[in-house]
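The values are calculated or read from the model by the stated rules, or taken from the named source; none is laboratory data. What you are looking at is a predicted structure, and each value in this text was computed from that prediction instead of being measured. Note that each Cβ is placed from the backbone with ideal geometry, even for glycine, and that neighbours are counted across all protein chains shown. SASA here: full protein model, heavy atoms, side chains in, ligands and nucleic acids out. Shrake-Rupley method; radii C 1.70, N 1.55, O 1.52, S 1.80 Å.
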Amino acid sequence: MNDKNPKAKKRYGQNFLTGKAVPERIAREAGIGGEHGVLEIGPGRGILTEQLAVTAKKTVAVEIDRELIPFLNDKFVNHSNVTIVEGDILETDIAGLINEHFRDMPVSVCANIPYYITSPILLKLIEGDYGFDTITVMVQKEVAQRLTAKKRSGEYSSLTVLCSYYASVKKLFDVPAGCFSPRPKVDSAVVRFDIYKAPPVNPPDIRLFFKIIRLAFAYRRKTLLNCLAACPDIAYPKEVICDILTSNGFSPNVRGEELDIYDFDKIARFIRDRER
Ligand code: SAH
């Protein structure tokens, strides 16, 4: 192996950023200050890590590829505020890592993540309730569109609504495929989650609330009424669900794509209250 340039491995989703402009911009727009601890996922050859090292107080970068570890340790040998950890982020005890490295610091995530596990990574980071300030990640352009989609658009999905419970999500900028080596087949975009300190709604039955959101988008062409009536867990005849919707101001033909987090909170409450 040429130590200056470790070879890219497909199985780990390795597409390395080339040039400093994109990593500089990511670090600048990630909402990270000199007091922040930063968790990076998949540092690769460390091109983003270099920027985080000068932006944040401390950076901990978790990399799965064992062959990159000596290269990264060597590269950051003179940066006492960078720690490289070998591991799979999906198996990593993130709360333990924060406790070990970032005690008494606000913590953010900043990463060009491997696309083959985009959703599991995002769900772990967001649902884990680790107290992150911001999560800034490079994702496939289509994923960025879904995450930031508006109601009634084709990209609006359960992922959009779920994320809107935890954070306000903004697309920062697009990154064309030509900015990576090897060049990926897809274009990319950087998105930033500003995590809410308190969620926008407080559903009394959180499991029912999430279930209704998932059901609403499970069958794109069905109305919410039909999605709910088809679910054995909801346990109401269609007429009752129809009555719950219409007596609370929703059309019986309403679809998931027309509803935001506040609407789902109302509907989940109406259904729960009817159960009592
Ligand atoms: N941040 C670098 C590399 C991005 S490529 C850059 O911008 O150039 C994605 C990186 O994630 C690779 O280094 C890959 O080895 C690493 N990776 C893949 N799966 C991982 C996992 N499960 N846990 C941690 N890192 C992972």
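Key figures
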quantity	calculated
Gyration tensor (alpha-carbon) shape descriptor, the stretch 206-275, a/c threshold 1.5	rounded
Accessible solvent surface per residue of the stretch 134-206, calculated while the other protein chains remain in place, 1.4 angstrom probe, Å²	45
Pair Asp187, Glu239: separation of 7 Å Cα→Cβ label points (nm)	5.3
Of Lys170/Lys211; Lys222/Lys266; Lys124/Lys238; Lys141/Lys185; Lys75/Lys124; Lys7/Lys185, those spanning more than 23 Å from alpha-carbon to alpha-carbon	Lys170/Lys211; Lys124/Lys238; Lys75/Lys124
Label point distance in nm, Arg274-Asn99, each placed 7 Å from Cα along Cα→Cβ	4.4
Carbon + sulfur, % of accessible area of the chain - ligands and nucleic acids excluded, 1.4 Å	48
Hits among aspartates and glutamates - C-alpha to C-alpha of Lys171 under 16 Å, sequence gap 8 or more where chains match	Glu29, Glu142, Glu155, Asp187, Asp194
Packing rank of 33-45, 234-246, where each peptide gets the mean count of other beta carbons within 10 Å, highest leading	33-45, 234-246
Along each principal axis, Cα extent of the stretch 1-89, largest first, Å	36, 24, 24
Cα long-axis angle, helix 206-216 against the chain (0 to 90 degrees, to the nearest 10)	80
Rounded tilt (10° steps) of 118-127 against the dominant C-alpha axis of the chain	70
Amide H within-cut-off set for Ala167, under 5 Å, with H built and near neighbours excluded	Tyr196
Shape category assigned to the chain from the gyration tensor of Cα positions, a/c cut at 1.5	prolate
Cβ crowding within 10 Å averaged over residues, with 49-57, 88-96, 192-200 ranked highest first	49-57, 192-200, 88-96
